[in-house]
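Each remark here refers to the structure printed beneath this line.
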Amino acid sequence: MADKEPCLIGSRITIRGQVSGNQDLIVEGRIEGRVSLQNKFTVEESGQVEADLEVAEAALHGQVRGEVVATHSAHLHPTARVVGTIRAPRVVIEEGARFSGQIDMEVELPADVRAK
Amino acid sequence: MAKDKDRPMGNTVIGSSIVIDGEITGEEPLTILGTVKGKIVVAQNLTVEPGATVEANVEAQSLTVSGRVTGNVTVRERVELRSDAKMVGDVKSPRVVIADGASFKGNVDMDV
């Protein structure tokens, strides 16, 4: 289908369970569970996400707790509050964003550096 | 910030290629174009658009169906099955409208 209109979870909506799909998703409300998305996942400032994320691109402005796996990039904007693990080839943390947890950018070191 | 652009009425929209397996609760209107399995409880209007699939028990203020709904439905005001609606399940609502062309299998309880 051609319509790739962004999907919006409004500020007074809560979803518990598994969300999957291949279109952009914007969260102003609350998601608990698991999100698998082949596109961009945006958590707005009012958004609260307590879930493991498997997305292409994560743009985080709100509160996130869980494991964030992004195949492309994870971007923590100044209002983001994130607790958990971030795994992505590109991770951006802006001034003002709060983060607690582990970041894994899958750094490729030359073989002679990696070897002990 | 990406506010109010490309947004139909600012309401919650479950897009056509989104699948939700679980529970949706909320106090604002909800429009479904994709697939929802589980349970839906909203304090406002729930719209199931053409092409959408809902396999869930539903509680809502009102319900408008143009897509496919399987499950029991409890609505406080009004249920409307539009002409392209396909619904299987029991409906409990004070007002029920079934348009010509809609298909429905189940029990209707208007609390007469």
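The values are calculated or read from the model by the stated rules, or taken from the named source; none is laboratory data. Being a predicted model, the structure only gives us computed values, none of them experimental. Note that each Cβ is placed from the backbone with ideal geometry, even for glycine, and that neighbours are counted across all protein chains shown.
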- prompt: Would you call residue B:108 β-branched (Val, Ile, Thr), touching a strand residue (DSSP E or B) at 6+ places or on another chain (Cβ under 7 Å) and within 21 Å of residue B:31 (Cβ to Cβ)?
  reply: no
Extreme residue, farthest from the chain's Cα centre (by Cα), among residues of region A:44-79 that are surrounded by fewer than 23 Cβ atoms within 10 Å (Cβ to Cβ) and aliphatic (A, V, I, L, M): A:56
message: Could you go through region B:4-21 and let me know if any residue there is surrounded by fewer than 22 Cβ atoms within 10 Å (Cβ to Cβ) and under 30 Å from residue B:112 (Cβ atoms).
response: no
- request: Search region A:80-90 for residues being charged (D, E, K, R) and more than 18 Å from residue A:27 (Cβ to Cβ), and hand back the single one that is surrounded by the most Cβ atoms within 10 Å (Cβ to Cβ).
  value: A:87
- line: Filtering region B:80-89 for residues that are part of a loop (DSSP other than H, G, I, E, B) and touching a strand residue (DSSP E or B) at 6+ places or on another chain (Cβ under 7 Å) leaves a count of 3
message: Suppose the filter is out of contact with any Leu (no Cβ under 6 Å at 6 or more places or on another chain) and facing chain B (nearest Cβ under 8 Å); does residue A:29 pass it?
response: yes
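Table: residues versus (1) modelled with pLDDT under 95; (2) under 17 Å from residue A:27 (Cβ atoms); (3) away from chain A (no Cβ under 14 Å).
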residue	(1), (2), (3)
B:9	yes, no, no
B:42	no, yes, no
B:53	no, no, no
B:56	no, no, no
B:60	no, no, no
B:76	no, no, yes
B:85	no, no, yes
